[in-house]
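Chemist: Take this structure first; my questions come after.
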């Protein structure tokens, strides 16, 4: 490969700040679609939970960043149950709202 040539999929990993902001925005959009109010302390706990899950699977998420359906399926199986329990909301409604907000 020529020295000034780079592979197409060599984007850098997102920063922790960028990940935290993206998680926060995704959950905000989800709750907006659910038309549900979650108290600030519980919302913060939910954002932290989601952030930790994303950090734990960061390489996989980064590799599959163009496949929204696959990312949504991961969220539904690994994140939604704990968030629904924490926020005391219906998991099915939470998943539908997240899918609508996320585009998966």
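Every number here is computed from the coordinates shown, using simple stated rules; none is lab data. Here the structure is a predicted model, which means the values were calculated and not measured. No Cβ is skipped: glycine too gets one built from the backbone with ideal geometry, and neighbour counts run over all protein chains shown.
Chemist: Compute the Rg/Rh shape ratio of the chain: radius of gyration over Kirkwood radius, all on alpha-carbon atoms. Show your work: numbers first, answer last.
Modeler: Details: Rg = 15.4 Å, Rh = 14.6 Å.
Result: Rg/Rh = 1.05.
Chemist: Calculate the FRET efficiency for residue 66 and residue 96 from the Cβ-Cβ distance with a Förster distance of 30 Å, rounded to the nearest 0.05. Don't skip to the end; give the middle numbers.
Modeler: Details: r = 23 Å, r/R0 = 0.76.
Calculated value: 0.85.
Chemist: If you don't mind, there's one more thing I want to ask. Using a Gaussian network model of the chain with C-alpha springs under 10 Å, which one of 17, 29, 68 is most mobile by mean-square fluctuation?
Modeler: Result: 17 has the largest fluctuation of those listed.
Chemist: Can you give the extra length, in nm with one decimal, that the chain gains between residue 45 and residue 59 once fully stretched, where that is 0.36 nm per residue apart less the Cα-Cα distance?
Modeler: On the way: separation 14, 0.36 × 14 = 5.04 nm, distance 2.33 nm.
Result for the pair: 2.7 nm of gain on full extension.
Chemist: Between residue 35 and residue 82, take the C-beta separation as r, use R0 = 22 Å, and let me know the FRET efficiency to the nearest 0.05.
Modeler: FRET efficiency, residue 35 to residue 82: 0.55.
Chemist: For the chain, set up a Gaussian network in which alpha carbons nearer than 10 Å are linked by springs, and say which option among 24, 65, 80 fluctuates the most.
Modeler: Taking springs between Cα atoms under 10 Å, the residue moving most is 65.
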